[in-house]
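J.: After the structure tokens below, expect a handful of questions from me.
The values are calculated or read from the model by the stated rules, or taken from the named source; none is laboratory data. What you are looking at is a predicted structure, and each value in this text was computed from that prediction instead of being measured. Note that we place each Cβ from the backbone using ideal geometry, even for glycine, and neighbour counts take in every protein chain shown.
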């Protein structure tokens, strides 16, 4: 029996969440989460390995536990705390600029809505989604390069528009366990759906994936592509999310 769009969406959600539960890694920024801690962690994770950030993040949070302490600290002190991560001057300046803006324009409270977040310098759609989902417990899409690659292979979509993948993720992310789903999509993209050598045999989505199916069963790949195209054609996921 052919799967419907709704059945595929439910199955993708279930499998990603179950996979993440089995492969969950308790990084400190994933265990103890606040909007501020999510913001700091994601800024540090840019162009840096998780292992390196896991060593330095707890010390940074101990020294600057909230946005006010970061705002009040001299930039040289912030640079010193980031010295072992590389790009420390750039990271320190970005964090200080964000702290200044958040304290002086938002009263020290990190915005909890999409429009205000994406206007902040250096935030963008990925970090906005991360702050909302991981920091504020709102079912927002979290889309980085790993998720884009995963979605591209899963759906067969070949688009240069990041907004297309944001739309897909907005439709897929569930109300419940949205954080696990987002973490799962990120981790699957990074660890399984590798850009050079994807480990398709280990992927929980392999029989729902256009990329994997196209290597052995062209008819199945075509049918799956049609399902995902129907999902795209009738989708207003991001629009509906922004209206909440």
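J.: Any residue at all in region 21-32 that is surrounded by 18 or more Cβ atoms within 10 Å (Cβ to Cβ) and within 27 Å of residue 193 (Cα to Cα)? Can you show your working first?
T.: Kept after step one, since they are surrounded by 18 or more Cβ atoms within 10 Å (Cβ to Cβ), are these residues of region 21-32: 29.
Filter once more, so that each one left must be within 27 Å of residue 193 (Cα to Cα): 29.
Yes, because at least one residue in region 21-32 is surrounded by 18 or more Cβ atoms within 10 Å (Cβ to Cβ) and within 27 Å of residue 193 (Cα to Cα).
J.: Which numbered condition in (1) farther than 18 Å from residue 63 by Cα; (2) surrounded by fewer than 21 Cβ atoms within 10 Å (Cβ to Cβ); (3) at pLDDT below 95 is the only one that residue 125 fails?
T.: Checking residue 125 against (1) farther than 18 Å from residue 63 by Cα; (2) surrounded by fewer than 21 Cβ atoms within 10 Å (Cβ to Cβ); (3) at pLDDT below 95, the one that fails is (2).
J.: Please report, ordered by residue number, the helices (runs of 4 or more DSSP H) entirely within region 49-167 with at least 2 residues that are more than 16 Å from the chain's Cα centre (by Cα).
T.: Of the helices (runs of 4 or more DSSP H) lying wholly inside region 49-167, those with at least 2 residues that are more than 16 Å from the chain's Cα centre (by Cα) span 50-63, 67-72, 75-81, 88-106, 114-119, 145-155.
To keep it simple, each residue is scored yes or no on (1) assigned by TED's automatic domain parsing to the domain that holds residue 45; (2) free of Cβ contacts under 8 Å to residues at least 40 places away in the same chain.
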| position | (1), (2) |
| --- | --- |
| 129 | yes, no |
| 151 | no, yes |
| 159 | no, yes |
| 162 | no, yes |
| 166 | no, no |
| 186 | no, no |
| 202 | no, yes |
| 211 | no, no |
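J.: With respect to the numbered conditions (1) at pLDDT below 95; (2) exposed (fewer than 13 other Cβ atoms within 10 Å of the Cβ); (3) closer than 19 Å to residue 90 by Cα, which one is the sole condition not fulfilled by residue 74?
T.: Residue 74 satisfies all of (1) at pLDDT below 95; (2) exposed (fewer than 13 other Cβ atoms within 10 Å of the Cβ); (3) closer than 19 Å to residue 90 by Cα except (1).
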